[in-house]
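Visitor: Can you read through this structure? Questions will come right after.
The values are calculated or read from the model by the stated rules, or taken from the named source; none is laboratory data. The structure presented is a predicted model; accordingly, all values stated were derived computationally and were not measured. Here the Cβ positions follow ideal geometry from the backbone for every residue, glycine too, while neighbour counts run over all protein chains shown.
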Amino acid sequence: MSFGEMCPIFRRVVAEWSPPAPDATQPAPFLFHVSGNGDDRSALRVIATDFQSKTFQAIKSRQQLEDLRDDVGIGGPWPDFVDYVTTSLKSGDVKLIMAGSSESGGASCAKLIAQKSKGMPRISISLGKLVNWAAGEAMATLSLELYKEFKEVQSSLIKEQESKYQLTKVVAAEQEKNATLQKQLDMVLYSRKHKSQKISDGANSDSTSVMISQDSPDKHTANNPSSTKGPNRVVPAYRRSKVRGAVLDDTEDDA
């Protein structure tokens, strides 16, 4: 990666005087912009301005950046150095130190100092002061680049919101689909449960009928034929069978 491929950096920073001036008016906040330098993808451009009377700029060529790399002591491939510089400038430990008189418009130059983290090497970029047309051109460039970055962020946010909206619609449709499937499943389960209950009730009814049939008197009678026979009764004389044939009478004839 080169500085021409890096994402533009915009940061707000409060300037300090070197040496410190106790009686000096507190400087206005500065906005600085770091990006590649146009068509020269190996160069770096830094602009810092308070949009009033102080505007500073530095354009570093590849050779100057190589010297800065040696001063900082960052080894390894070139993309590692680019990453270290950009990460340092995005960190919270960034200072703009102005040199010169603290009187109005007295600063003749400045340094942008950044440190990735405590104990790590510091990046120090010297900035020259711009005046008149050059200062106005630098402020215009920074403003246009800031607006361009804003529009890109806005476009990205709109796309993200649209994607979120579409995803919400998909999720809602899936939830509705799942609810419909769950409803259908509940109906099938209820139908099967109801059918199973009817079959169970029918089986219980048949079992009860069989038990009642087995316990009925008629069933006991059929199973026990001897119970239908009554007690031995004496048949009346007139219903007895008469003995057919001659009756022998051995009584004597009347004289």
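Visitor: List the number of the failed condition for Tyr84; all other conditions in (1) within 16 Å of Ile113 (Cα to Cα); (2) among the aromatic types (Phe, Trp, Tyr); (3) touching a residue at least 40 places away in the same chain (Cβ under 8 Å) hold.
Guide: (3)
Visitor: Could you check how many residues of the range 19-46 are surrounded by fewer than 15 Cβ atoms within 10 Å (Cβ to Cβ) and within 21 Å of Gly92 (Cα to Cα)?
Guide: So the answer is 3.
Visitor: Looking only at residues that are of a type in the set (Gly, Ala, Ser) and modelled with pLDDT of 80 or more in the range 1-25, which one is nearest to Gly36 (Cα to Cα)?
Guide: Within the range 1-25, the first condition is being of a type in the set (Gly, Ala, Ser), and the residues that meet it are 2, 4, 15, 18, 21, 24.
From the residues that got through so far, the ones that are modelled with pLDDT of 80 or more too are 15, 18.
On the way: Ala15: 23, Ser18: 28 Å.
If we take residues in the range 1-25 being of a type in the set (Gly, Ala, Ser) and modelled with pLDDT of 80 or more, then Ala15 is nearest to Gly36 (Cα to Cα).
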